[in-house]
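Participant: Here it is: the structure, laid out below.
The values are calculated or read from the model by the stated rules, or taken from the named source; none is laboratory data. Computed from a predicted structure; not experimentally measured. Reconstructed Cβ throughout: ideal geometry from the backbone, glycine too, with neighbour counts over all protein chains shown. The accessibility values were calculated without ligands, DNA or RNA, using every heavy atom of the protein model including side chains. Shrake-Rupley method; radii C 1.70, N 1.55, O 1.52, S 1.80 Å.
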Amino acid sequence: MIQMFHVTKSYPGDPPVLRDIHLDIQKGEFVFLTGPSGAGKSTLLKLLFLAERATSGQVLISGKNIARLRESGVPYLRRNIGVVFQDFKLLKNRTVCDNVGFTLDVVGTPRDVVRQKVAQILKRVGLEHKIDVLPPKLSGGEQQRVVIARALVNDPAILLADEPTGNLDPALTLEIMDLLCDVNTRGTTVLVATHDASLIARYHKRTLRLERGTLVAEHDVGLKAAARMAAG
Amino acid sequence: MSAPAKAAYFGRTALLSMARAPFIHVVAVATIAIALTAYGLARMATAQVDKWAAAIAGEVEMTVYLADGTAPEEAEKLVKALTQQTQGQAKLVSPAEALGRLSESMGTFGQALEGLSKNPLPWSIELNVPPPSREPATLKTLAEQARALPMVTGVDYGEAALERLTALSKGLKWGSVLVFGLVFIITVVIVSAALQLAIHSRREEIEIQKLVGASDRFVRAPFLIEGLIQGALGAGLALAGLMALLAWLGPQANEWLRFLDVGGGPAWRPEWALEMLGLGAGLGFIGSLLAVRRFLRV
Ligand SMILES: Nc1ncnc2c1ncn2[C@@H]1O[C@H](COP(=O)(O)OP(=O)(O)OP(=O)(O)O)[C@@H](O)[C@H]1O
Ligand SMILES: [Mg+2]
């Protein structure tokens, strides 16, 4: 579903942010992407929905190299990928309904259907009563859940979540993680970037670790961490 | 995926954008309205001049003055020739008849003419030119042909006035093309500046729309519709203003025009309203297209 070969990303004038990345995520997998701040987690996710282009190497989604995808093809790629942005990207002067509905608007969904689907997804993240509220009147955790709702309202094949629990208390974190797992069991491939070790320890999922732009460990980091926690 | 849903979305977004930044949109609409009001006024002025020219041409009577001592048969022959050539009506007028008319037209001053011992007026032929020959150019040729005849001392018709009016009408038309070319370019620049501001104020929304899969066309459409709406609003405003002006001016204008015996007052034609609406929408659309092309880096 998601593959990278020899992927390097550098911003002009700076040393590479990502170096020779190889990865292969199967359809229906749930994968954590972890690593210290500045390691390049967000950048790696951006390469997948073409917010940034790889400097070199191949980025494959469903077997298609998107690193060379022409601009006119980008919208179609993005309609199949839900993204939970680290910085939320919510419009302050639009209601929760409008913000979540953007994902449906761009494919020409009728207004009443948009509202109906938004109401459904808000219910799943526990915010159905906030549908007509402006984002600044929501708590950080509520805003986070609105962003998750926007990423999921379209039933995407892939969900990329950049620190989706960064602003949540432990109880809500579990709720949201359960939601992401639920989405995953319904068939969506999920990639979660997080530096929350306890999260990785609790959910026994495949974990990729980035350090200074390089993938340093693969596979069973999460399992090892869990074992360590169980032992210690 | 449905087109009506998209159209509704674009319309809603455009109106919302106008409501959120009313000032810049008022400026754009006002600019279009002013330009189109000027255009409508020029349209009416040109039509009025054309009308005067037509009215004057319609009254054209050519007077051909004959030399003293022209034989009556010669004169009759010329009358026939002129009648045939122009398909109009020609009439031989005696000096006495001409003097009588002159004194009559001068009113009380005319009585002074009765003291003359000798009639100073020559024999003349009055020619009423029918419509096909009323063109300034045709009349000129006809006058030159008549002047060339030995028995003719002079030819008189509304030459100067007619030519001046024709020139005025032409000048007005070309002047309008030039002036309005310029006015419309300025309008487009102002509209596109307003749209630039609208784009700028919505850049965050555009970024998010793009990130969740909006195509470039989807992002651009509302701005183009905004331009169209602005143009139509501007045209509507200009039309309302002109109609009000006409209603207010109507009776007075008729008074002023009575001395010209033209009548009808300032004419307005319904098709001009369509023309103005089309122009307004066109100006708004081109303005927004420019803004979108140059400033919407999506
Ligand atoms: N637009 C940009 N231009 C230049 N450098 C950038 C840009 N975006 C990110 N970087 C750099 O790339 C590196 C990786 O950034 P990135 O946001 O991917 O880190 P991250 O792993 O997501 O960190 P965090 O956990 O803090 O979110 C950082 O050193 C950052 O300074
Ligand atoms: Mg990050």
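Participant: What pairs can you find where one residue is in the stretch A:1-16 and within 16 Å of ligand 2 (Cβ to nearest atom), the other is not in a strand (DSSP E or B), and their Cβ atoms are less than 6 Å apart, with a gap of 6+ or different chains?
Facilitator: Final answer for the pair search is A:Lys9/A:Val17; A:Lys9/A:Thr43; A:Lys9/A:Ala54; A:Lys9/A:Thr55.
Participant: Evaluate the following for A:Leu60: is it out of contact with any Ser or Thr (no Cβ under 6 Å at 6 or more places or on another chain) and modelled with pLDDT of 95 or more? Even if it seems obvious, please write down each step before you answer.
Facilitator: Values: out of contact with any Ser or Thr (no Cβ under 6 Å at 6 or more places or on another chain): yes; modelled with pLDDT of 95 or more: yes.
Yes, satisfied.
Participant: Where in the stretch B:192-298 are there helices (runs of 4 or more DSSP H), lying fully within it, with 3 or more residues that are under 24 Å from the mean Cα position of the chain (by Cα), modelled with pLDDT under 85 and not β-branched (Val, Ile, Thr)? It would help to see each step written out before you state the result.
Facilitator: Details: elements: B:203-211, B:216-258, B:270-295.
Output list reads B:216-258.
Participant: Which one of A:Val74, A:Val107, A:Val113 is within 13 Å of chain B (Cβ to nearest Cβ), out of contact with any Asp or Glu (no Cβ under 7 Å at 6 or more places or on another chain), within 18 Å of B:Ala214 (Cβ to Cβ) and in a loop (DSSP other than H, G, I, E, B)? If you could, list the steps in order and put the result at the bottom.
Facilitator: Numbers: A:Val74 fails: in a loop (DSSP other than H, G, I, E, B); A:Val113 fails: in a loop (DSSP other than H, G, I, E, B).
Answer to the check: A:Val107.
Participant: Shifting gears a bit: Does A:Leu160 satisfy the criteria of being modelled with pLDDT of 95 or more and either farther than 25 Å from A:Gly108 by Cβ or within 16 Å of ligand 2 (Cβ to nearest atom) (or both)?
Facilitator: yes
Participant: Please determine whether any residue of the stretch A:42-49 is buried (at least 21 other Cβ atoms within 10 Å of the Cβ) and in a loop (DSSP other than H, G, I, E, B).
Facilitator: yes
Participant: Only one of (1) in contact with a helix residue (DSSP H, G or I) (Cβ under 8 Å, 6 or more places away or on another chain); (2) of a type in the set (D, E, K, R); (3) open to solvent by 30 Å² or more (accessible area, probe 1.4 Å); (4) within 16 Å of ligand 1 (Cβ to nearest atom) fails for A:Glu211. Which number is that?
Facilitator: (1)
Participant: Which residues, counting only those in the stretch A:75-90, are open to solvent by 10 Å² or more (accessible area, probe 1.4 Å) and among the hydrophobic types (A, V, I, L, M, F, W, C)?
Facilitator: A:Leu77, A:Ile81, A:Val83, A:Phe85, A:Phe88, A:Leu90
Participant: Filter the stretch A:17-46 down to residues that are in contact (Cβ under 8 Å) with a residue 24 or more places away in the chain and within 14 Å of chain B (Cβ to nearest Cβ) and give me whichever is farthest from ligand 1 (Cβ to nearest atom).
Facilitator: It comes out as A:Leu45.
Participant: Hey, can you tell me all the residues within the stretch A:81-104 that are away from ligand 2 (no atom under 16 Å from the Cβ) and either of a type in the set (A, V, I, L, M) or assigned to a loop (DSSP other than H, G, I, E, B) (or both)? Give the steps one after another, and end with the answer.
Facilitator: From the stretch A:81-104, those away from ligand 2 (no atom under 16 Å from the Cβ) are A:81-82, A:90-104; that's our starting set.
Selection gives A:Ile81, A:Leu90, A:Leu91, A:Lys92, A:Asn93, A:Arg94, A:Thr95, A:Val96, A:Val100, A:Leu104.
Conditions tested, residue by residue: (1) surrounded by 20 or more Cβ atoms within 10 Å (Cβ to Cβ); (2) within 16 Å of ligand 1 (Cβ to nearest atom); (3) not aromatic (Phe, Trp, Tyr).
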{"residue": "A:Leu134", "(1), (2), (3)": "no, no, yes"}
{"residue": "A:Arg145", "(1), (2), (3)": "yes, no, yes"}
{"residue": "A:Ala149", "(1), (2), (3)": "yes, no, yes"}
{"residue": "A:Val153", "(1), (2), (3)": "yes, no, yes"}
{"residue": "A:Leu159", "(1), (2), (3)": "yes, no, yes"}
{"residue": "A:Gly166", "(1), (2), (3)": "no, yes, yes"}
{"residue": "A:Asp169", "(1), (2), (3)": "no, no, yes"}
